[in-house]
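Since the structure comes first, as structure tokens, the remarks are kept for the end.
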Amino acid sequence: MKPKWIILIIIVVFIVGILGYVLFSQKAPIQTAQPIVISTSTAPSETYGMSQYIDPTYGFSFWYPSALQITATTTNDNSENDSTNFPGGVAVETLQVGPAGGVTIYVVNSPTSNITDEPANHASPIAQTQYFYDSTSGQWMVDYPQGTNGGNSAATTTANVSKTTMSGLVILPSGRRFDTTIIPLSTTRFLVIGDGGGSSFTSQLAETVAQTGASVNASAEAAALQAEASAYAPAKPQACSEVAKECPDGSYVGPTGPDCTFVCPNSTTSAASNIQQLNAPGNASLRQGDIAEIRNESFYFTLQSISSSSATIQITPVGCWNSFPSDTPPQVRCMIATVLIPPQTLSIGQTYGAANYGITLTQISDAIATFSVSASSTVQ
């Protein structure tokens, strides 16, 4: 009988062992991580000669002409200081697209959701435009702390949010000099995009701004890039014989634009450029949008428009509150109230005379306006 019990015990132990192995050898199911989907913008295959700049620090991007260079500068515009550029906010970064006088982008942080486009004690008669976010209504509001231009109402009201970027960010209008807009990246971070009078594509660049990772419709992106490329459209080099015109003094007016470097043989004047630097007395030949810097008289003027018999210029004094477009902007600017000169329309032969200088429109030919600039001693 004893062997039978031993055999029975062995069988029971064997069965229990098998059951234990089956029960305790099962592993917990492996947890598989779910993929994280990131919405990104797919750039169109045709970029029209544009490149995308991505700012990893502040989370935005924009497109710009590939031929231009971008210079990024870290800033610390103290909002406690009366000389702050954007009261209510702190400018923490500046991006210069191309040369000075071209597009400048300021990154402005504002914990109070408040930004003003012009500093206090700024140069009149440009009014301040202030935006702030009303959390109760969920709307951007606008007011004018120092009154408005043209006697319009300065009452606080809802902001105009009808214009947006290709990614849907609001573009807020600004009264700041030249071509300036304000884009809220959030209720506490803004982009202020403007220029110094030397850019023709500032507003088109603003329309390409997007937050990092935002989904952008490819057709909208392509349309925005094409519009910016068309607005930039630098002049192409041309042969001297195609455009040169002999002037009464025997000199020649040559091709203009950033790519034009040809000088006519035996010419006493070189081809014009986007920004011309000269002293008075002197002559400047400008196309629409070009700038003449009169270095010794501390002012510059921009050719705003031109017709067959007249030209309109915008004259800008240069002082501690402002600099020449071709200069590097000063880090600190004193804010002395200066009365800006309104645009002046001159007929051929007409002179605009101010205290220290005179500007005479002498000729218009092939969409080029030629001006004679007189020093103070020669102004009648």
* Flag if I193 is modelled with pLDDT of 90 or more and more than 30 Å from L286 (Cα to Cα) -> no
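Could you check region 344-372 and list, in sequence order, the residues that are in a strand (DSSP E or B), farther than 11 Å from A311 by Cα and within 31 Å of the chain's Cα centre (by Cα)?
I359
Against the condition among the aliphatic types (A, V, I, L, M), loosely packed, with under 15 Cβ neighbours inside 10 Å and at pLDDT below 85, how does A235 come out, does it pass? Write out each step before concluding.
Numbers: among the aliphatic types (A, V, I, L, M): yes; loosely packed, with under 15 Cβ neighbours inside 10 Å: yes; at pLDDT below 85: yes.
So A235 fits the description; yes.
Do we find a residue being more than 13 Å from the chain's Cα centre (by Cα) and either outside any helix (DSSP H, G or I) or at pLDDT 90 or above (or both) anywhere in region 197-209?
no
The values are calculated or read from the model by the stated rules, or taken from the named source; none is laboratory data. This structure is a prediction, so every number in the text was calculated from the model and none was measured. Positions of Cβ are backbone-derived with ideal geometry, glycine not excepted, and every protein chain shown enters the neighbour counts.
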